[in-house]
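Student: The structure under discussion is supplied below as C-alpha coordinates; questions concerning it will follow.
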Amino acid sequence: MKSDAKQRAGLLYGIGAYGMWGLVPLFWPLLKPAGALEILAHRMVWSLAVVGIALVALKRWAWIRELIRQPRKLALISVAASVITVNWGIYIWAVNSGHVVEASLGYFINPLVTIAMGVLLLKERLRPAQWAAVGTGFAAVLVLAIGYGQPPWISLTLAFSFATYGLVKKKVNIGGLESLAAETAIQFLPALGFLLWLGADGSASFGSHGMGHAALLAATGVVTAAPLVCFGAAAIRVPLSTLGLLQYLAPVFQFLLGILYFHEAMPAERWAGFALVWLALTCLTWDALRTARRTRAEALRLAAAAAPSRAAQVAASQSPEPQSPQPQAEPTA
(Lines give C-alpha, C1' and ligand atoms only; values in the text may rest on other atoms or scores of the structure.)
Protein backbone atom coordinates (compact mmCIF):
# COMPACT_ATOMS: atom_id res chain seq x y z
CA MET A 1 0.00 0.00 0.00
CA LYS A 2 2.85 2.37 0.88
CA SER A 3 4.42 1.70 -2.50
CA ASP A 4 1.15 2.51 -4.29
CA ALA A 5 0.73 5.74 -2.32
CA LYS A 6 4.34 6.67 -3.09
CA GLN A 7 3.83 6.10 -6.81
CA ARG A 8 0.57 8.07 -6.81
CA ALA A 9 2.32 10.97 -5.08
CA GLY A 10 5.17 10.74 -7.58
CA LEU A 11 2.73 10.78 -10.47
CA LEU A 12 1.05 13.91 -9.08
CA TYR A 13 4.44 15.58 -8.59
CA GLY A 14 5.40 14.70 -12.18
CA ILE A 15 2.13 16.03 -13.58
CA GLY A 16 2.64 19.17 -11.50
CA ALA A 17 6.19 19.69 -12.79
CA TYR A 18 5.43 19.18 -16.48
CA GLY A 19 2.10 20.96 -16.13
CA MET A 20 3.85 24.07 -14.78
CA TRP A 21 6.43 23.90 -17.56
CA GLY A 22 3.62 23.52 -20.07
CA LEU A 23 1.62 26.50 -18.76
CA VAL A 24 4.57 28.88 -18.32
CA PRO A 25 3.85 30.61 -21.70
CA LEU A 26 0.94 32.26 -19.86
CA PHE A 27 3.40 33.88 -17.44
CA TRP A 28 6.04 35.53 -19.64
CA PRO A 29 3.66 37.96 -21.43
CA LEU A 30 2.64 39.31 -18.00
CA LEU A 31 6.16 40.72 -17.64
CA LYS A 32 5.87 43.08 -20.60
CA PRO A 33 7.01 45.79 -21.29
CA ALA A 34 10.21 44.20 -19.96
CA GLY A 35 12.23 42.77 -22.85
CA ALA A 36 13.41 39.19 -23.11
CA LEU A 37 16.96 40.01 -21.92
CA GLU A 38 15.71 41.89 -18.86
CA ILE A 39 13.31 39.05 -17.99
CA LEU A 40 16.14 36.55 -18.45
CA ALA A 41 18.42 38.52 -16.12
CA HIS A 42 15.72 38.72 -13.46
CA ARG A 43 15.12 34.99 -13.80
CA MET A 44 18.79 34.30 -13.10
CA VAL A 45 19.01 36.65 -10.12
CA TRP A 46 15.77 35.65 -8.41
CA SER A 47 16.26 31.93 -9.09
CA LEU A 48 19.48 32.02 -7.08
CA ALA A 49 17.63 33.77 -4.23
CA VAL A 50 14.81 31.20 -4.18
CA VAL A 51 17.13 28.19 -4.46
CA GLY A 52 19.43 29.65 -1.79
CA ILE A 53 16.49 29.91 0.63
CA ALA A 54 15.51 26.31 -0.15
CA LEU A 55 19.05 25.07 0.51
CA VAL A 56 19.20 26.97 3.80
CA ALA A 57 15.88 25.44 4.86
CA LEU A 58 17.06 21.94 3.92
CA LYS A 59 20.59 22.50 5.33
CA ARG A 60 22.19 21.15 2.18
CA TRP A 61 25.56 22.89 1.94
CA ALA A 62 28.13 20.08 2.06
CA TRP A 63 28.14 19.72 -1.74
CA ILE A 64 29.62 23.23 -2.23
CA ARG A 65 32.96 22.34 -0.64
CA GLU A 66 33.20 19.14 -2.67
CA LEU A 67 32.31 20.95 -5.89
CA ILE A 68 34.96 23.66 -5.39
CA ARG A 69 37.58 20.94 -5.13
CA GLN A 70 36.65 19.52 -8.55
CA PRO A 71 37.67 21.94 -11.35
CA ARG A 72 36.31 19.60 -14.04
CA LYS A 73 32.83 19.63 -12.52
CA LEU A 74 33.00 23.40 -12.14
CA ALA A 75 33.88 23.71 -15.82
CA LEU A 76 30.97 21.44 -16.79
CA ILE A 77 28.57 23.46 -14.65
CA SER A 78 29.80 26.63 -16.37
CA VAL A 79 28.99 25.02 -19.72
CA ALA A 80 25.56 23.98 -18.41
CA ALA A 81 24.92 27.53 -17.18
CA SER A 82 25.86 28.97 -20.58
CA VAL A 83 23.69 26.52 -22.51
CA ILE A 84 20.62 26.95 -20.29
CA THR A 85 21.03 30.73 -20.55
CA VAL A 86 20.63 30.42 -24.32
CA ASN A 87 17.66 28.08 -23.86
CA TRP A 88 15.87 30.35 -21.38
CA GLY A 89 16.53 33.49 -23.42
CA ILE A 90 15.29 32.04 -26.72
CA TYR A 91 12.22 30.55 -25.05
CA ILE A 92 11.19 33.81 -23.36
CA TRP A 93 11.73 35.75 -26.57
CA ALA A 94 9.79 33.16 -28.62
CA VAL A 95 6.76 33.21 -26.31
CA ASN A 96 6.62 37.01 -26.10
CA SER A 97 7.10 37.32 -29.86
CA GLY A 98 4.20 35.05 -30.83
CA HIS A 99 6.11 31.80 -31.53
CA VAL A 100 4.63 29.53 -28.85
CA VAL A 101 3.85 26.73 -31.31
CA GLU A 102 7.37 26.75 -32.71
CA ALA A 103 8.76 26.75 -29.16
CA SER A 104 6.63 23.71 -28.31
CA LEU A 105 8.07 21.93 -31.34
CA GLY A 106 11.53 22.34 -29.82
CA TYR A 107 10.53 20.27 -26.81
CA PHE A 108 8.70 17.72 -28.96
CA ILE A 109 11.85 17.02 -30.97
CA ASN A 110 14.19 17.22 -27.96
CA PRO A 111 14.09 13.42 -27.30
CA LEU A 112 15.01 12.79 -30.95
CA VAL A 113 17.90 15.26 -30.74
CA THR A 114 19.08 13.61 -27.52
CA ILE A 115 19.15 10.22 -29.24
CA ALA A 116 21.02 11.65 -32.26
CA MET A 117 23.60 13.24 -29.94
CA GLY A 118 24.04 9.91 -28.18
CA VAL A 119 24.92 8.30 -31.52
CA LEU A 120 27.23 11.08 -32.70
CA LEU A 121 28.97 11.94 -29.42
CA LEU A 122 28.71 8.83 -27.24
CA LYS A 123 28.83 6.24 -30.06
CA GLU A 124 25.61 4.64 -28.82
CA ARG A 125 23.94 1.98 -30.98
CA LEU A 126 20.29 2.41 -31.86
CA ARG A 127 17.59 -0.15 -32.24
CA PRO A 128 15.70 -0.21 -35.59
CA ALA A 129 12.67 1.59 -34.10
CA GLN A 130 14.91 4.36 -32.79
CA TRP A 131 16.50 4.78 -36.23
CA ALA A 132 13.01 5.00 -37.73
CA ALA A 133 12.02 7.67 -35.18
CA VAL A 134 15.13 9.77 -35.84
CA GLY A 135 14.64 9.48 -39.62
CA THR A 136 10.98 10.51 -39.31
CA GLY A 137 11.97 13.44 -37.13
CA PHE A 138 14.52 14.59 -39.71
CA ALA A 139 11.83 14.39 -42.40
CA ALA A 140 9.55 16.49 -40.17
CA VAL A 141 12.19 19.21 -39.87
CA LEU A 142 12.55 19.28 -43.67
CA VAL A 143 8.78 19.61 -44.12
CA LEU A 144 8.63 22.41 -41.56
CA ALA A 145 11.61 24.17 -43.13
CA ILE A 146 9.82 24.18 -46.49
CA GLY A 147 6.64 25.42 -44.80
CA TYR A 148 8.40 28.22 -42.91
CA GLY A 149 10.60 29.13 -45.85
CA GLN A 150 13.61 28.62 -43.56
CA PRO A 151 14.74 26.06 -40.96
CA PRO A 152 12.68 26.24 -37.73
CA TRP A 153 15.65 27.77 -35.90
CA ILE A 154 13.72 28.54 -32.70
CA SER A 155 12.72 24.87 -32.34
CA LEU A 156 16.16 23.59 -33.27
CA THR A 157 17.96 25.98 -30.90
CA LEU A 158 15.69 25.02 -28.00
CA ALA A 159 16.01 21.31 -28.75
CA PHE A 160 19.79 21.27 -29.18
CA SER A 161 20.47 23.58 -26.23
CA PHE A 162 18.30 21.53 -23.88
CA ALA A 163 19.74 18.24 -25.14
CA THR A 164 23.26 19.59 -24.57
CA TYR A 165 22.21 20.77 -21.12
CA GLY A 166 20.91 17.30 -20.28
CA LEU A 167 24.12 15.67 -21.52
CA VAL A 168 26.30 17.98 -19.39
CA LYS A 169 24.07 17.53 -16.34
CA LYS A 170 24.39 13.77 -16.69
CA LYS A 171 28.18 14.09 -16.53
CA VAL A 172 28.06 16.49 -13.54
CA ASN A 173 25.68 14.18 -11.64
CA ILE A 174 24.54 16.37 -8.75
CA GLY A 175 21.03 17.03 -7.45
CA GLY A 176 18.53 19.28 -9.19
CA LEU A 177 18.44 22.04 -6.55
CA GLU A 178 22.21 21.94 -6.09
CA SER A 179 22.80 22.07 -9.83
CA LEU A 180 20.43 25.01 -10.30
CA ALA A 181 22.10 26.83 -7.40
CA ALA A 182 25.55 26.35 -8.94
CA GLU A 183 24.39 27.37 -12.41
CA THR A 184 22.55 30.51 -11.24
CA ALA A 185 25.53 31.42 -9.03
CA ILE A 186 27.62 31.51 -12.22
CA GLN A 187 24.91 33.51 -13.99
CA PHE A 188 24.29 35.87 -11.06
CA LEU A 189 27.02 38.51 -11.45
CA PRO A 190 26.61 39.04 -15.23
CA ALA A 191 22.81 39.17 -14.79
CA LEU A 192 22.99 41.58 -11.85
CA GLY A 193 25.50 43.74 -13.73
CA PHE A 194 23.14 43.91 -16.73
CA LEU A 195 20.20 44.90 -14.50
CA LEU A 196 22.26 47.60 -12.79
CA TRP A 197 23.33 48.91 -16.19
CA LEU A 198 19.68 49.03 -17.30
CA GLY A 199 18.82 50.94 -14.13
CA ALA A 200 21.63 53.45 -14.61
CA ASP A 201 20.61 53.88 -18.24
CA GLY A 202 17.01 54.55 -17.23
CA SER A 203 15.63 51.74 -19.41
CA ALA A 204 14.85 49.20 -16.66
CA SER A 205 11.20 48.30 -16.25
CA PHE A 206 11.65 46.98 -12.69
CA GLY A 207 9.94 49.39 -10.32
CA SER A 208 8.79 51.77 -13.04
CA HIS A 209 5.49 49.97 -13.74
CA GLY A 210 4.18 49.52 -10.23
CA MET A 211 4.76 47.08 -7.39
CA GLY A 212 2.68 44.38 -9.07
CA HIS A 213 4.95 44.28 -12.12
CA ALA A 214 8.04 44.28 -9.90
CA ALA A 215 6.60 41.38 -7.89
CA LEU A 216 5.97 39.42 -11.08
CA LEU A 217 9.59 39.92 -12.16
CA ALA A 218 10.74 38.69 -8.75
CA ALA A 219 8.40 35.69 -9.10
CA THR A 220 10.53 34.41 -12.02
CA GLY A 221 12.64 32.70 -9.35
CA VAL A 222 9.64 30.75 -8.04
CA VAL A 223 8.47 29.96 -11.59
CA THR A 224 11.93 28.47 -12.27
CA ALA A 225 12.41 26.57 -9.01
CA ALA A 226 8.90 25.21 -8.27
CA PRO A 227 8.62 22.77 -11.20
CA LEU A 228 12.19 21.64 -10.60
CA VAL A 229 11.36 20.75 -6.98
CA CYS A 230 8.28 18.81 -8.13
CA PHE A 231 10.34 17.04 -10.79
CA GLY A 232 12.92 16.00 -8.20
CA ALA A 233 10.15 14.64 -5.97
CA ALA A 234 8.67 12.69 -8.90
CA ALA A 235 12.02 11.28 -10.04
CA ILE A 236 12.56 9.38 -6.77
CA ARG A 237 9.01 7.99 -6.65
CA VAL A 238 8.12 6.81 -10.17
CA PRO A 239 9.98 4.77 -12.81
CA LEU A 240 11.94 6.59 -15.49
CA SER A 241 9.59 5.13 -18.12
CA THR A 242 6.71 7.00 -16.48
CA LEU A 243 8.70 10.23 -16.38
CA GLY A 244 9.55 9.70 -20.05
CA LEU A 245 5.85 9.64 -20.90
CA LEU A 246 5.03 12.61 -18.66
CA GLN A 247 7.63 14.77 -20.39
CA TYR A 248 5.31 15.14 -23.39
CA LEU A 249 2.75 16.97 -21.24
CA ALA A 250 4.74 20.22 -21.38
CA PRO A 251 4.97 20.60 -25.18
CA VAL A 252 1.36 19.39 -25.57
CA PHE A 253 0.16 22.13 -23.23
CA GLN A 254 2.37 24.69 -25.00
CA PHE A 255 1.10 23.60 -28.42
CA LEU A 256 -2.54 23.84 -27.31
CA LEU A 257 -1.93 27.26 -25.77
CA GLY A 258 -0.30 28.46 -28.99
CA ILE A 259 -3.33 27.45 -31.06
CA LEU A 260 -6.28 27.97 -28.71
CA TYR A 261 -5.14 30.87 -26.54
CA PHE A 262 -2.58 32.80 -28.59
CA HIS A 263 -4.37 31.94 -31.89
CA GLU A 264 -1.19 31.26 -33.86
CA ALA A 265 -1.57 30.16 -37.48
CA MET A 266 -1.31 26.47 -38.35
CA PRO A 267 -1.18 26.07 -42.14
CA ALA A 268 -1.36 22.61 -43.68
CA GLU A 269 2.41 22.19 -44.06
CA ARG A 270 2.92 22.93 -40.36
CA TRP A 271 0.30 20.33 -39.42
CA ALA A 272 2.12 17.86 -41.69
CA GLY A 273 5.44 18.56 -39.95
CA PHE A 274 3.95 18.20 -36.48
CA ALA A 275 2.19 14.99 -37.53
CA LEU A 276 5.55 13.51 -38.55
CA VAL A 277 7.09 14.56 -35.24
CA TRP A 278 4.23 12.92 -33.32
CA LEU A 279 4.62 9.78 -35.42
CA ALA A 280 8.34 9.68 -34.55
CA LEU A 281 7.58 10.13 -30.84
CA THR A 282 4.93 7.41 -30.96
CA CYS A 283 7.47 5.03 -32.47
CA LEU A 284 10.06 6.04 -29.87
CA THR A 285 7.65 5.62 -26.96
CA TRP A 286 6.42 2.23 -28.23
CA ASP A 287 10.01 1.03 -28.50
CA ALA A 288 10.89 2.29 -25.01
CA LEU A 289 7.86 0.61 -23.43
CA ARG A 290 8.51 -2.65 -25.29
CA THR A 291 12.16 -2.64 -24.21
CA ALA A 292 11.23 -1.89 -20.59
CA ARG A 293 8.68 -4.74 -20.63
CA ARG A 294 11.26 -7.17 -22.05
CA THR A 295 13.82 -6.09 -19.45
CA ARG A 296 11.34 -6.67 -16.61
CA ALA A 297 10.36 -10.06 -18.03
CA GLU A 298 14.01 -11.10 -18.31
CA ALA A 299 14.69 -9.96 -14.75
CA LEU A 300 11.71 -11.98 -13.48
CA ARG A 301 12.85 -15.04 -15.46
CA LEU A 302 16.36 -14.83 -13.99
CA ALA A 303 14.94 -14.35 -10.50
CA ALA A 304 12.68 -17.39 -10.94
CA ALA A 305 15.58 -19.48 -12.23
CA ALA A 306 17.75 -18.46 -9.31
CA ALA A 307 15.04 -19.18 -6.70
CA PRO A 308 15.38 -23.03 -6.59
CA SER A 309 19.15 -22.95 -6.19
CA ARG A 310 18.85 -20.26 -3.51
CA ALA A 311 16.22 -22.35 -1.69
CA ALA A 312 18.49 -25.39 -1.86
CA GLN A 313 21.36 -23.39 -0.38
CA VAL A 314 19.16 -22.17 2.47
CA ALA A 315 17.87 -25.69 3.12
CA ALA A 316 21.42 -27.05 3.14
CA SER A 317 22.56 -24.39 5.57
CA GLN A 318 19.65 -25.18 7.93
CA SER A 319 19.96 -29.01 7.87
CA PRO A 320 21.71 -30.62 10.93
CA GLU A 321 25.34 -31.51 10.41
CA PRO A 322 26.04 -35.28 10.16
CA GLN A 323 27.39 -36.57 13.43
CA SER A 324 30.58 -38.62 13.51
CA PRO A 325 30.07 -42.23 14.62
CA GLN A 326 30.60 -42.77 18.37
CA PRO A 327 33.14 -45.43 19.36
CA GLN A 328 31.57 -48.68 20.63
CA ALA A 329 32.18 -49.56 24.28
CA GLU A 330 34.31 -52.66 24.62
CA PRO A 331 32.70 -55.60 26.46
CA THR A 332 33.81 -56.01 30.07
CA ALA A 333 35.37 -59.21 31.18
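The values are calculated or read from the model by the stated rules, or taken from the named source; none is laboratory data. All figures in this text were calculated on a predicted structure; none of them were measured in a lab. Glycine gets a Cβ as well: all are built from the backbone with ideal geometry, and neighbour counts include every protein chain shown. When the accessible area is computed, the model is the full protein with side chains, heavy atoms only, and any ligands, DNA or RNA have been set aside. Shrake-Rupley method; radii C 1.70, N 1.55, O 1.52, S 1.80 Å.
Student: Exactly one condition in (1) more than 28 Å from ALA268 (Cα to Cα); (2) among the small types (Gly, Ala, Ser); (3) touching a Ser or Thr at 6+ places or on another chain (Cβ under 9 Å) is not met by GLY106; state its number.
Tutor: (1)
Student: Run down GLY106, GLY98 and say which single residue is modelled with pLDDT under 95, of a type in the set (Gly, Ala, Ser) and in a helix (DSSP H, G or I).
Tutor: Of GLY106, GLY98, the one residue that is modelled with pLDDT under 95, of a type in the set (Gly, Ala, Ser) and in a helix (DSSP H, G or I) is GLY106.
Student: Only residues in region 145-163 that are over 11 Å from HIS99 (Cβ atoms) and modelled with pLDDT under 85 count as the first member; pair them with residues that are open to solvent by 70 Å² or more (accessible area, probe 1.4 Å) and charged (D, E, K, R), Cβ under 7 angstrom, at least 6 apart or cross-chain, and list the lot.
Tutor: From region 145-163, the pairs are ILE146/GLU269; GLY147/GLU269.
Student: Now a separate question. In this structure, is ILE90 open to solvent by less than 20 Å² (accessible area, probe 1.4 Å) and either assigned to a helix (DSSP H, G or I) or of a type in the set (D, E, K, R) (or both)?
Tutor: Details: open to solvent by less than 20 Å² (accessible area, probe 1.4 Å): no; either assigned to a helix (DSSP H, G or I) or of a type in the set (D, E, K, R) (or both): yes.
For ILE90, the condition - open to solvent by less than 20 Å² (accessible area, probe 1.4 Å) and either assigned to a helix (DSSP H, G or I) or of a type in the set (D, E, K, R) (or both) - is not met.
Student: For LEU26, all conditions in the list (1) within 29 Å of ILE259 (Cβ to Cβ); (2) buried (at least 23 other Cβ atoms within 10 Å of the Cβ); (3) among the hydrophobic types (A, V, I, L, M, F, W, C); (4) under 22 Å from the mean Cα position of the chain (by Cα) hold save one; what is the number of the exception?
Tutor: (2)
Student: Against the definition (open to solvent by 40 Å² or more (accessible area, probe 1.4 Å), out of contact with any Cys (no Cβ under 6 Å at 6 or more places or on another chain), of a type in the set (D, E, K, R) and outside any helix (DSSP H, G or I)), how does ARG60 come out, yes or no? Explain how you work it out, then say what you get.
Tutor: Details: open to solvent by 40 Å² or more (accessible area, probe 1.4 Å): yes; out of contact with any Cys (no Cβ under 6 Å at 6 or more places or on another chain): yes; of a type in the set (D, E, K, R): yes; outside any helix (DSSP H, G or I): yes.
So ARG60 passes the test.
Student: A further question follows. Looking at region 120-141, which of its residues are open to solvent by 90 Å² or more (accessible area, probe 1.4 Å) and closer than 9 Å to GLY273 by Cβ?
Tutor: Of everything in region 120-141, nothing turns out to be open to solvent by 90 Å² or more (accessible area, probe 1.4 Å) and closer than 9 Å to GLY273 by Cβ.
Student: Give me the pairs, please: first residue somewhere in region 51-73 and among the small types (Gly, Ala, Ser), second residue anywhere and surrounded by 10 or more Cβ atoms within 10 Å (Cβ to Cβ), beta-carbon distance under 9 Å, and either six or more positions apart or on two chains.
Tutor: As it stands, the answer is GLY52/ALA181; GLY52/THR184; GLY52/ALA185; ALA54/ARG60; ALA54/LEU177; ALA54/ALA181; ALA54/ALA225; ALA54/VAL229, since those pairs meet every condition given.
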